Amino acid sequence: MLVWDDSPVLDMRTVLSGDGVRIADVACRHPAGRGRHTEQASNLALVLVRRGCFVRSVDGVESALDPTVGYCMSPGEEQRFDHPLDGGDDCTTLVLGDGLVASLWGGEPRLPSGPFPVSPRIDLEHRLLLAAVRGEREPHDLVERAIALTARALEQTDPSRVASGRPATARARRAIADGTREALAERPDRSLIDLARDLAVSPHHLSRVFRSEVGHTIARHRMRLRVRGALERLAQGEQDLARLAADLGFADQSHLCRVVRSETGETPSALRALLA
C-alpha cells in the first residue's frame, strides 16, 4: 500500500498468479487534484477501470480513463495520474510475462501505450473473470480466461496484430486440437502456456482453435479427463475419495465431488455403487 501524508492512497492486492499472468485488484483513494509524483512503469500490463475516473499522462499525452476506456503500460514508461474527482477509483491490472505479450502482439514484447475502448462485452468478461476468481475456480481456467480477455482488449487497438500467427487452414487447426488432446491425455495438468509453446502457437490462438474444433475450452477438457479418470478408479472400487482427488489433481475431496456431480449428475459414492 502506498501512503502519502499518513493516509493510505493506493492498495494493490494480487488475486491470481501463475502461467505468465498476474491479476491485481487496485484501489486508489487519491483526493481530487494533480498527481504528486511521476512514476515509472515496471511491468507489462493491461489495466481495466471498474469504477471512477482519472487522467493518465505519458510523454506529455493525457488520456481520460473510466470504465469505458482502458490502457496498457510497458516497463520504463514515465506516467503521472491526475484525479479530477473525489472518491478514488478501482481498477483491475493484468500483469503479463514478456513471452505471453510477444505471442499476443505479433512478436512485439511491448504493449501499445495509448488508451483503447472497452466495449460492454469486454467489461462484462472482465467482471465475470473477477467473479470466477472470487469463486475459486480452477486456476487453469482462470488463466485461459485472462488471456482471452487480454487478446480481446488488444484487438481494439490493432486486430491484425492479434490475428497474426493464427492457423490458416482447417487441417492445421485440427492438428493443433488433436495435438492438445494427445498432450493432455498424457498429462492433464499441462498448462495453456506449456501446450502453446510445444505446439508452436500463441496461447490465445490455441485456446480459440481448440474451443472452435472441440466445442469446449481446454480447461473444461482437462477437467473432463480428470472425471473420466475418477470414474475408472471408482469402477475398480476406490474407497478413499481424498486420495482419489489428490491423485487426479483436484483441489480437495469436495472439489472432486462437485465436479463429478456437475459432469455426471451423480456423486462419486453413488457412481461407485452403480459401476462396481
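How many times 2.2 N^0.38 Å is the alpha carbon radius of gyration of segment 47-202? Could you put the intermediate results ahead of the total?
Details: Rg = 17.5 Å, N = 156, 2.2 N^0.38 = 15.0 Å.
Normalised by 2.2 N^0.38 Å, the Cα Rg of segment 47-202 equals 1.17.
Express in Å², to the nearest 10, the accessible area of Glu62 obtained by rolling a 1.4 Å probe over the protein heavy atoms while all chains stay in place.
120
Per residue, what volume in Å³ does the convex hull of the Cα atoms of segment 217-259 enclose? All intermediate terms of the calculation are to be shown ahead of the outcome.
Details: hull volume 2.4 nm³, N = 43.
Each residue corresponds to 56 Å³ of Cα convex hull volume.
May I ask for log10 I(q)/I(0) of segment 98-141 at q = 0.34 Å⁻¹, from a Debye sum over the Cα atoms as equal point scatterers with solvent left out?
Per q value, in the given order, log10 I(q)/I(0) is -0.97.
Can you give the accessible area of Thr14 in Å² (nearest 10), computed on protein heavy atoms with a 1.4 Å probe?
70
From the convex hull of the Cα coordinates of segment 146-276, what is the mean projected area in square nanometres? Mind showing how you got there, number by number?
Values: hull surface 35.4 nm².
Over all viewing directions, segment 146-276 projects a mean Cα-hull area of 8.8 nm².
Quick one: order Phe81, Phe116 from most to least accessible surface, probe 1.4 Å.
Details: Phe81 40, Phe116 5 Å².
Listed by decreasing accessible area, they come as Phe81, Phe116.
Could you work out the relative contact order of the chain, using alpha carbon pairs under 8 angstrom and six or more residues apart, expressed as a whole percent? Intermediate values should be presented prior to the final figure.
Working: 462 pairs, mean separation 38.0, N = 276.
Relative CO of the chain lands at 14 percent.
So what is the 222 nm mean residue ellipticity for the chain from helices alone, if each DSSP H run of at least 4 adds -39500 (n - 2.57) and you divide by all residues, rounding to the nearest 500 deg cm²/dmol? Walk me through the numbers on the way to the answer.
Working: 11 runs with 127 residues, N = 276.
It comes out at -14000 deg cm²/dmol, rounded to the nearest 500.
Could you state the principal axis extents of the C-alpha atoms in segment 46-128, from the largest down, to the nearest angstrom?
40, 33, 17
Taking the Cα centre of each part, how many Å lie between segment 56-102 and segment 209-249?
Taking the Cα centre of each part, segment 56-102 and segment 209-249 sit 40 Å apart.
What share of all Cα pairs of the chain, in percent, falls into each consecutive 5 Å distance bin?
Values per bin, smallest distances first: 1, 5, 11, 14, 15, 14, 11, 9, 7, 6, 4, 2, 1, 0, 0.
The values are calculated or read from the model by the stated rules, or taken from the named source; none is laboratory data. Every value quoted in this text rests on a predicted model; they were computed, and no experiment measured them. Ligands, DNA and RNA are excluded from the accessible area calculation, which covers all protein heavy atoms including side chains. Shrake-Rupley method; radii C 1.70, N 1.55, O 1.52, S 1.80 Å.
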